[in-house]
Amino acid sequence: MELFCQKCGRRFRPGELRYQVKMEIISAFDGYLPESDQDIDLELNRLIEALTYQDPEEAAKDVAQSIFLVICRSCRNRLVREYDTGHGQRVVH
Ligand SMILES: [Zn+2]
């Protein structure tokens, strides 16, 4: 079976080093709830309605989604350079 880097698309040579990447994208909450001018019942109804019409699978992805990739060494190095900045530091592209 031929394997390709899922980031750059390059074909792996037999025995070539590969890297697995697991990304977890989880919604973050800063504790702030906007105050609504509207009646709270109206606001609740609006939220319930929005949830009712949203595909449950899509709604779950909004909260947490895992992505698995197999990438080559040069893509791995680029990824580390881009994102391994320590906590809270800004990643600039
Ligand atoms: Zn690659």
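Does region 1-43 hold any residues that are among the hydroxyl-bearing types (Ser, Thr, Tyr) and loosely packed, with under 10 Cβ neighbours inside 10 Å, and which are they?
Within region 1-43, SER27, TYR32 qualify.
Name the single residue, out of those in region 19-43 being under 29 Å from TYR83 (Cβ atoms) and either in contact with an Asp or Glu (Cβ under 6 Å, 6 or more places away or on another chain) or in a strand (DSSP E or B) (or both), that is farthest from the ligand (Cβ to nearest atom).
Per the stated criteria, the residue is ILE26.
Is at least one residue of region 6-18 within 30 Å of LEU79 (Cα to Cα), away from the ligand (no atom under 16 Å from the Cβ), in contact with a helix residue (DSSP H, G or I) (Cβ under 9 Å, 6 or more places away or on another chain) and not in a strand (DSSP E or B)?
No, the conditions are met nowhere in region 6-18.
Tally the residues that are part of a helix (DSSP H, G or I) and surrounded by 10 or more Cβ atoms within 10 Å (Cβ to Cβ), restricting the search to region 52-79.
Adding up the residues that qualify gives 11.
Right, ARG46: farther than 20 Å from TYR83 by Cβ and modelled with pLDDT of 85 or more or not?
no
Look through ALA50, ALA64, ALA28 and report the one residue that is more than 23 Å from ARG78 (Cα to Cα) and in contact with a strand residue (DSSP E or B) (Cβ under 6 Å, 6 or more places away or on another chain).
It is ALA64.
The values are calculated or read from the model by the stated rules, or taken from the named source; none is laboratory data. Quick caveat: nothing in here was measured; it's all calculated off a predicted structure. Every residue, glycine as well, gets a Cβ built from its backbone with ideal geometry; the counts of neighbours run over all protein chains shown.
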